[in-house]
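Note sheet for the following structure.
Please treat every number below as a calculation from the coordinates, not as lab data. On a predicted model such as this, the values are computed, not experimentally measured, just so you know. FYI the Cβ positions are ideal-geometry reconstructions off the backbone, even for glycines, and counts take in every protein chain you see.
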Amino acid sequence: MLSQFIKILSFLILPFFVIDGDQKQNKDFQGKATYISKSKMDLGSWGARMSEAQKKQIAARLKNRLEKEFTLVFNKEESLFNEEEQLDAISGATDSWGKNFAAGENYKNVKTNTQIQQQEFYGKKFLVEDQLQPMEWTLGKETKKIGNYTCFKATTFIATDDLLWYSFSWGRMRSNDSTQDETTENNETAVEITQVEAWYTPQIPVRHGPSEYWGLPGLILEVSAGDTTMLCSKLVLNPEETIVIEAPKKGTIVAKNEYQDLIQKKMAEFRSNRMRRR
């Protein structure tokens, strides 16, 4: 699967523009932010045997996985984060395979500490309901400007599987197979950790951010996790048209760990069937 060779690269600087509405912080305060991410293929030793033309051809076929756009709508307590659907650069169709392992519509409520994310896996819809991902941020004094806003740096460390609970890779499955009976010297299973760096602005005092990220004293405008960076490219506060934020409602209700088990079992079954056909 080509996606196992993909790593998200640090984000290239994008134009950032802001449309400011009334910034009064009352119960009706709301906003809409657009985030852009870019990706780069890392084909490793396999890619070393490819010509530049072949690499460009693969990059073109995977364009809708390498360049993505997301929307975050929010008020003081709730947010809804979703990827904008893109057509395949070659076929003009949507990426049906990649959709199985991409993050779905993500609803967060910082008041009730709840998250509901709608996932579609092999044609079936699931509502993954759980508590918000714990984020123990270390607040720094370093600042920088993003658009019209002064942002402060914050960092944290999170288990990689907790950040990518909705996804799957054959590499992770092989790792799980090989370490199933192996433990560290402390009798604990080794856990891969991702360092997260975020830039938030206290000028917009809401605890929201893109994807899994939240919990800072201001809207997160940029976040980097490992080799992944998302940057806000457009922000509208208190638009004239009221934004309605509703949690997704269609799908079988499961918890995050149940959804992870479901993916692993399905893909193990897929691998077993493929080996039998050989």
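So here's what we get for this one:
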{"item": "Added length on full extension, which subtracts the Cα-Cα distance from 0.36 nm per residue, D161 to W137", "result": "6.8 nm"}
{"item": "Relative packing of peptides 248-260, 72-84 - highest average C-beta neighbours within 10 Å first", "result": "72-84, 248-260"}
{"item": "Additional length obtainable on full extension of the chain from T71 to D28, 0.36 nm per residue less Cα span", "result": "13.5 nm"}
{"item": "Packing-based ranking, highest mean first, of 152-159, 205-212 given that Cβ atoms within 10 Å are counted", "result": "205-212, 152-159"}
{"item": "Calculated FRET efficiency for the pair D261/E197, C-beta based, R₀ 35 Å, to 0.05", "result": "0.70"}
